[in-house]
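All remarks here apply to the structure that follows.
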Amino acid sequence: MSPSDDPAPSPPAVFEAPWQASIFALVVALHDRGLFAWRDWNRVLVQVIAEQDAAGAARSPSDGIADPAGDGARHPADWVRALEILLAERSLVTPDELTGMAEAWAQAYRTTPHGQPVTLEA
Amino acid sequence: MHDAAGHEDHDHDHDHDPSQVPSDIALRVKALESLMAAKGLVDPAALDEIIDTYETRIGPRNGARVVARAWSDPAFLQRLRADATAAIAELGFGGRQGEHMRVVENTPEVHNLVVCTLCSCYPWAVLGLPPAWYKSSAYRAQAVIAPRQVLATFGVDLPETTEIRVWDSTAEIRYLVLPERPAGTEGWDEDALAALVSRDSMIGVARLPAAAGPRP
């Protein structure tokens with residue numbers, strides 16, 4: 001991170017599901033790798049939040065729009081969308097790749113018996 | 001298809017249930033993770049390290065409250081033994097995925113260890129997020145085959161006379177280990193007791209040390 005970069009975003013006080021911790025860790029790791037600056041991240045996140053707010057009543061206040069923790073952390077679903085957009089902007093991933101990979105994981109879960117590790121076939 | 005987890009001689013009645021498919025948002029995160037890893041842009045081990053950094057803010061310490069209540073209130077302990085899901089709900093904690101909880105009690109004679117081959121089988125609404133090693137294939141396999149050695153790697157050396165019971169969480173039943181109450185905590189209130197209860201002790205890979213000093 002360059003000295004002039006914006007400060008890193010705060011994680012929520014409590015992650016409410018494992019994927020929320022995963023997306024936070026992924027964003028931090030990709031930033032640390034130098035793929036984007038926090039100011040770029042913040043720009044995209046602001047855009048996502050504005051789109052979500054404009055989309056209106058799809059989410060309830062408990063989804064985090066009201067920022068109940070008061071620490072600036074928004075709903076982690078916004079982080080997921082923001083990262084998808086940011087990586088696509090940089091041609092690091094395409095929407096088709098994401099859709100295909102998500103479906104591959106869903107299929108892996110559907111076809112793996114409980115008790116076996118769920119992995120993607122290489 | 002079978003890995004080395006020794007499922008044949010372990011009592012499994014859920015071997016052929018399909019694994020629970022995560023929510024759409026969780027799948028999108030998994031897709032991002034695996035694509036970034038495949039492209040060499042992120043190291044999965046680095047992600048685990050970052051998550052571990054935030055362990056203390058991961059998940060409510062609900063499980064510790066349950067344990068502290070069980071140590072303090074014999075009637076609650078009885079209800080916990082009879083129907084853990086309902087007893088835990090008394091404290092306002094519920095499984096978010098509708099899972100049933102079962103509490104297994106450690107005693108001087110019996111030590112309980114929880115394992116599951118899937119992170120989705122971890123009662124994170126009660127215990128918080130699973131530690132990275134909980135999902136590792138080494139832990140999953142070895143906990144079933146050689147639990148005593150696994151415990152030793154965590155620094156838990158049990159007498160040969162202590163029976164070790166390994167519980168494999170399923171999509172339907174999640175286990176919570178009730179650790180033994182540490183010596184030297186007589187008269188402590190529930191807040192003080194709950195502060196002693198570690199996540200690892202509720203998985204069964206740690207034993208709680210005797211209280212080091214007077215009640216905080």
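Derivation of every value follows stated rules applied to the coordinates shown; laboratory data play no part. Since the structure is predicted, the reported quantities are computational estimates derived from the model, not experimental observations. Quick reminder, even Gly has a Cβ in these numbers, built from the backbone with ideal geometry, and neighbours come from all protein chains shown.
For the reader, a short list of remarks on this structure follows.
- In the stretch B:61-203 the Cα-Cα distances spread across 5 Å bins starting at 0 as 2, 10, 20, 23, 21, 15, 8, 2, 0 percent of all pairs.
- Per residue of peptide B:62-75, the mean number of Cβ atoms on other chains within 10 Å of the residue Cβ is 0.
- Mean per-residue shielding of peptide A:91-101 is 3, counting Cβ atoms of other chains within 10 Å of each Cβ.
- With each label modelled as a point 7 angstrom along the Cα→C-beta vector, the B:Thr107-B:Glu49 pair spans 4.5 nm.
- Fewest-first ranking of B:Asp24, B:Asp200, B:Asp52, A:Asp78, using other Cβ atoms within 10 Å as the exposure measure: B:Asp24, B:Asp52, B:Asp200, A:Asp78
- By the count of neighbouring beta-carbon atoms within 10 Å, fewest first, B:Thr162, B:Thr170 end up ordered B:Thr162, B:Thr170.
- Exercise: per-residue mean of other protein chain Cβ atoms within 10 Å, A:103-113: 5
- Residues B:Met202, A:Met101 arranged by fewest to most Cβ contacts within 10 Å: A:Met101, B:Met202
- Built amide H within the under 5 Å cut-off of B:Met101, gap 5+: B:Thr85, B:Arg174
- Computed from backbone phi with θ = phi - 60° and the Karplus coefficients 6.51, -1.76 and 1.60, the 3J(HN,Hα) list for the stretch A:41-53 is 4, 5, 4, 5, 5, 4, 4, 5, 5, 4, 5, 5, 5 Hz; x is used for glycine and proline.
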